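Trainee: Just dropping this structure here.
The values are calculated or read from the model by the stated rules, or taken from the named source; none is laboratory data. The model shown is predicted, which means the values in this text are computed figures rather than measured ones. Here the Cβ positions follow ideal geometry from the backbone for every residue, glycine too, while neighbour counts run over all protein chains shown.
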Amino acid sequence: MPTFPAAPIPGQDRTAQWVRADRDRLIHPNLPSGRTDRTVIVEGRGCHVRDSRGRRYLDAAAVLGMMQVGHGREEIVSAATAQLGTLECFHLWESMSNDKAIELAVRLTDLAPAGLDRAFFTSGGAEGNEIALRMARFFHYRRQQPERTWILSRRTAYHGIAYGAGSVSGLPVYHEGFGPQLPHVHHLTAPDPYQNSAYDGEDVTEFCLRELRETIERIGPDRIAAMIGEPVMSVGGAVVPPPDYWPRVAELLRSHGILLIFDEVVTAYGRTGHWFAAEHFGVRPDLLVTAKGITSGYVPHGAVLVTEEVAAAVTGSTGFPIGFTYTGHPTACAVALANLDIIEREKLLDNATTTGGHLADRLATLTDLPVVGDVRQIGLMLGIELVADKESRAQLPTGTAPVAQALREDAGIILRGNPRSLLINPPLVMDRATADELADGLHTVLARVEPDGR
Ligand code: PLP
């Protein structure tokens, strides 16, 4: 793995200028206006990034859960450069096509769970979920069941913030103040084995299945198009459902002709130790949405993989009528192909399993601390649930943001959290020594956190 060049030469540090311009000119997602500090990242290598002042950080979030092959991979730069010099951009509308989009469609449908034989390309996760929601409704419309318009989702789900994807996302913050949401959406309880007080003492899967059955009956099975879910909730806290949850949900939906959409925007391409988390649960959805790790984030891209049955219905005799400008962008597809080559050649799925297991072993004793309620792991996807009180499992009054800030400032570890959990999704190239660097930093900083969140 290449190393960093030297830090900026004193006197040539432009940080103050950049921070001023950032505050004056940029709008950031989710940044309170009173907060004036900025960390300006200028370079990345492997699992680490460097800021404008020369400080090195461990990127334990793989940017936003997507940097599978690590920062600074020359092979990807070469693939992008070669493609930019040959055919930088073309589209897939009507009968136009391009070689890289075709090659990527073949590669992905060969890798995907059996039966997901067709690919539709997007530029990101929310776009993928928009397409999946539209395809689900259009599938039934084309099959003479236009009244099947309802979409089932789960509370605490995150599917992106386009209007459809945002509407099926499950937290009020995605909806409040943004006017009417997509109609005919119903949110169910998500399975969360740690926060099990939500299930009235019932088994988590039994509770969720009963609620799903009752909901299908109430809305009417012949009015429901699809259910969408992340196989493992990511933003919701790396919440791994009980093993029988997805197989039983899939069986119930299938018995009513309701499509299952897996949002694998975070979990696909090795994150859980499989190409797709669907394999872990032994479930084949009808539509599977991917993005992020498809290119390791080097350029924006995404793919929705669907069954022949879905493809046949939505294309029909007149074709699937919608697409994006960048659907099948050849440079993004070339980057994806080079990225998949690295994931395969370097056996990053195996590394996610072994390094993830090692990290989980190193972090298991965190639950001895008064503020750590739960440590969960699947592959290189981990969540650390912080609690003010172990009995009630209540979240820290401050949420996890101050802890994430302390990790960055005091231990040089970059990661994000939701109000309850710290989320750890490192690059899949992480080795044991880097996993130990991460575990040591987490132990040191979390040992100092008080139950009031300070
Ligand atoms: N779905 C899941 C599970 C995600 O975690 C995200 C983003 O984090 C999205 C969809 C949205 O993806 P994008 O931000 O590329 O639109």
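Trainee: All but one of (1) more than 16 Å from the ligand (Cβ to nearest atom); (2) in contact with an Asp or Glu (Cβ under 7 Å, 6 or more places away or on another chain); (3) of a type outside the set (Ser, Thr, Tyr) hold for LEU288; state the number of the condition that does not hold.
Mentor: For LEU288, the failing item is (1).
Trainee: Please specify each residue of the stretch 144-173 satisfying the condition of being within 12 Å of the ligand (Cβ to nearest atom), of a type in the set (Val, Ile, Thr) and touching a residue at least 40 places away in the same chain (Cβ under 8 Å).
Mentor: THR156, VAL168
Trainee: Oh, and also: Please count how many residues of the stretch 250-267 are closer than 15 Å to TYR158 by Cβ and either without any contact (Cβ under 8 Å) to a residue 60 or more places away in the chain or out of contact with any Leu (no Cβ under 6 Å at 6 or more places or on another chain) (or both).
Mentor: Adding up the residues that qualify gives 6.
Trainee: Name the single residue that is nearest to the ligand (Cβ to nearest atom) among those in the stretch 189-208 being outside any loop (DSSP other than H, G, I, E, B) and surrounded by 19 or more Cβ atoms within 10 Å (Cβ to Cβ).
Mentor: Ranking the qualifying residues of the stretch 189-208, first place goes to CYS208.
Trainee: Mind listing just one residue for me: the one in the stretch 296-324 that is away from the ligand (no atom under 16 Å from the Cβ) and assigned to a loop (DSSP other than H, G, I, E, B) and, of those, nearest to the chain's Cα centre (by Cα)?
Mentor: Selected residue: GLY323.
Trainee: Picking from GLY201, GLY220, GLY179, GLY160, which residue would you name as being at pLDDT below 95 and of a type in the set (Gly, Ala, Ser)?
Mentor: Just a single option satisfies the conditions, and that option is GLY201.
Results for (1) assigned by the TED database to the domain that holds LEU407; (2) touching a His at 6+ places or on another chain (Cβ under 7 Å); (3) among the polar types (S, T, N, Q), shown as yes or no for each residue.
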{"site": "ILE27", "(1), (2), (3)": "yes, no, no"}
{"site": "VAL40", "(1), (2), (3)": "yes, no, no"}
{"site": "ARG45", "(1), (2), (3)": "yes, yes, no"}
{"site": "HIS48", "(1), (2), (3)": "yes, no, no"}
{"site": "SER52", "(1), (2), (3)": "yes, no, yes"}
{"site": "ARG56", "(1), (2), (3)": "yes, yes, no"}
{"site": "ALA61", "(1), (2), (3)": "yes, no, no"}
{"site": "LEU64", "(1), (2), (3)": "yes, no, no"}
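Trainee: So, in the stretch 35-78, how many residues would count as being aliphatic (A, V, I, L, M), over 15 Å from ARG416 (Cβ atoms) and crowded, with 22+ Cβ neighbours inside 10 Å? Steps first, please.
Mentor: Within the stretch 35-78, the subset aliphatic (A, V, I, L, M) is 40-42, 49, 58, 60-64, 66-67, 69, 76-77.
Imposing the further condition that a residue be over 15 Å from ARG416 (Cβ atoms) reduces the set to 40, 42, 69, 76-77.
Then keep just the ones that are crowded, with 22+ Cβ neighbours inside 10 Å; that gives 69, 76.
Residues meeting the conditions: 2.
Trainee: Evaluate the following for GLY293: is it buried (at least 24 other Cβ atoms within 10 Å of the Cβ), in contact (Cβ under 8 Å) with a residue 40 or more places away in the chain and in contact with a Lys or Arg (Cβ under 7 Å, 6 or more places away or on another chain)?
Mentor: Working: buried (at least 24 other Cβ atoms within 10 Å of the Cβ): yes; in contact (Cβ under 8 Å) with a residue 40 or more places away in the chain: yes; in contact with a Lys or Arg (Cβ under 7 Å, 6 or more places away or on another chain): yes.
The answer is yes for GLY293.
Trainee: For the stretch 211-257, how many residues meet the condition of being of a type in the set (Phe, Trp, Tyr) and within 16 Å of the ligand (Cβ to nearest atom)?
Mentor: Result for the stretch 211-257: 1.
Trainee: Being buried (at least 19 other Cβ atoms within 10 Å of the Cβ) and out of contact with any strand residue (DSSP E or B) (no Cβ under 6 Å at 6 or more places or on another chain) narrows it down to one residue among LEU340, LEU382; which is it?
Mentor: LEU340
Trainee: If GLY293 satisfies every condition in (1) over 17 Å from the mean Cα position of the chain (by Cα); (2) within 16 Å of the ligand (Cβ to nearest atom); (3) part of a helix (DSSP H, G or I) but one, which is the exception?
Mentor: GLY293 satisfies every listed condition except (1).
Trainee: Of the numbered conditions (1) more than 16 Å from the ligand (Cβ to nearest atom); (2) touching a residue at least 12 places away in the same chain (Cβ under 8 Å), ALA61 satisfies every one except a single condition; which is it?
Mentor: All conditions are met except number (1).
Trainee: Working only within the stretch 267-290, note down all residues that are assigned to a loop (DSSP other than H, G, I, E, B) and within 13 Å of the chain's Cα centre (by Cα).
Mentor: Passing the criteria: THR267, ALA268, TYR269, GLY270, ARG271, THR272, PHE276.
Trainee: Let me ask something else about it. Does LEU438 satisfy the condition of being in contact with a Ser or Thr (Cβ under 7 Å, 6 or more places away or on another chain), under 19 Å from MET66 (Cβ atoms) and either hydrophobic (A, V, I, L, M, F, W, C) or surrounded by fewer than 20 Cβ atoms within 10 Å (Cβ to Cβ) (or both)?
Mentor: It is false that LEU438 is in contact with a Ser or Thr (Cβ under 7 Å, 6 or more places away or on another chain), under 19 Å from MET66 (Cβ atoms) and either hydrophobic (A, V, I, L, M, F, W, C) or surrounded by fewer than 20 Cβ atoms within 10 Å (Cβ to Cβ) (or both).
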